[in-house]
Amino acid sequence: MSPALHRRDLLRLLAAAPLSVPPVLASASPATAAPGILKPLPPEVFTIRGTNAETRQEALRDTGPLTPADRFFVRNHTSTPVIDERDWKLTVWGGGLRGGGSVEFGYGQLRSLPSVTRTAVVECAGNGRSFFTTQQGERVTGTPWTLGAVGAARWRGARLRDVLERAGVSPSAVSVLPRGLDDPFTVDGVDLGRVRRPLPIAKAVDDVILAYEMNGEPLPPDHGFPVRLIVPSWIGIASVKWVGDIEVAEAPQSSPWDTRFYRLFGAGYPPEGSSPLSRQTVKSLVELESGAVLEAGRRHRITGRAWSAHAPVDRVEVSTDSGTTWRAARLCDPPARGGQTRWTLPWRPERTGPGALLARTTDRAGNTQPERTVHNTQGYLFDAVVRHPVTVV
Ligand code: MTE
């Protein structure tokens, strides 16, 4: 809160806000742009973090269970390529194909295969990373996301399994390596090549989609046009955007995205890190800006979202007293595998001053958010309950 803003001014601001919606002070951030992202990034919707754009939690408040494409976070290692679908093709190749050749699929061909549509969350493995530092006092490297590196969308596309079968995948294939068409990624002057990450064949033929539609529209350029992978329940890096080729192999494959990044390093892990990360975690977020100002003695409708990569959401509990007592929130969507579940809870704060809202999700497999997440140096898979700061006036 601005120190120049007096209680009287605040109350006037609050009085102007629509009934029963927790009033939020408007953000004063300037117009934003991120190098390499093509879609508009209004400051009330996105926070720019380098080449990435994080969705503001409060920008989800008036949306449905799916994240609209124009509010969906963008995680780009380099920049969004502009690809004409008429020039695009997918090359499937490698020793894991019978005959060891290569097979090409054009955009029209891919669209003519049987299609599947499913809701899936795409969530960066580093979503929530900043809380290792702000809540747990621990050092981590990487983009300091809060909780907005996640989105849920309805994806339509061809099954990767069907494409692999048509390409002649051999029964001895064990791994596939999809690769993006965006510019190669360079770290500390070292060119790591194009973004690519292996997928075990068992996952590749299970539920992976070569998606060409997002929420009923062609994929937007920033989200992978013309075709991206959607790897349900896995960390976002698996869902390679702008896919151009897939190498099929009879031996395990690797890339910097599963050796150097996207493993857990630190005390308690071997020097080469944990095994490569696959599944995401269980989380919740509050649809308010950090430090939102709420009026005392008035009933507010607190809203948020919950999701789990393991099972449908079972319940969300909210604490307004730092975790001493918890109340069950009402779930607004029928919990389902793959998407996010909106929740709501009425709250009439009485005591003024700074405070926090804590939301804790538990899924039907019994996974729940812990008080702390075990540290890893790159700050992946933060799943602990987040203390969402608010001020009651
Ligand atoms: N694919 C390519 N080719 N290049 C990328 O930079 N980023 C990955 C993944 N696929 C990336 C990519 C990461 S880390 C995430 S979290 C998701 O895309 C983000 O998808 P989105 O930008 O559509 O939200």
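Here, each number is a calculation from the coordinates, and none is a lab measurement. Here the structure is a predicted model, which is why all the values come from computation and not from measurement. FYI the Cβ positions are ideal-geometry reconstructions off the backbone, even for glycines, and counts take in every protein chain you see.
A few remarks follow.
- Hydrodynamic radius by Kirkwood, which averages 1/r over all alpha carbon pairs of segment 151-306, in angstrom: 17.9
- Fluctuation leader among GLU371, GLU213, GLU287 - the chain, Gaussian network, Cα springs under 10 angstrom: GLU371
- Most mobile listed residue (THR67, THR133, THR186) in the chain, GNM with C-alpha springs under 10 Å: THR186
- Between segment 261-296 and segment 158-199, the alpha-carbon center distance in angstrom: 26
- In this structure, the amide hydrogen of ARG387, modeled 1.01 Å from its nitrogen in the peptide plane, lies closer than 5 angstrom to no residue at least 5 positions away or on a different chain.
- For segment 246-257, 3J(HN,Hα) computed residue by residue from phi via the Karplus equation (6.51, -1.76, 1.60; θ = phi - 60°) reads 9, 8, 10, 10, 8, 10, x, 10, 8, 7, x, 7 Hz, glycine and proline entered as x.
- By other beta-carbon atoms within 10 Å, ranking ILE209, ILE302, ILE83 with the fewest at the front produces ILE83, ILE302, ILE209.
- For the chain, the mean residue ellipticity at 222 nm estimated from helices alone is -2000 deg cm²/dmol, where every DSSP H run of n ≥ 4 contributes -39500 (n - 2.57) and the total is divided by all residues, rounded to the nearest 500.
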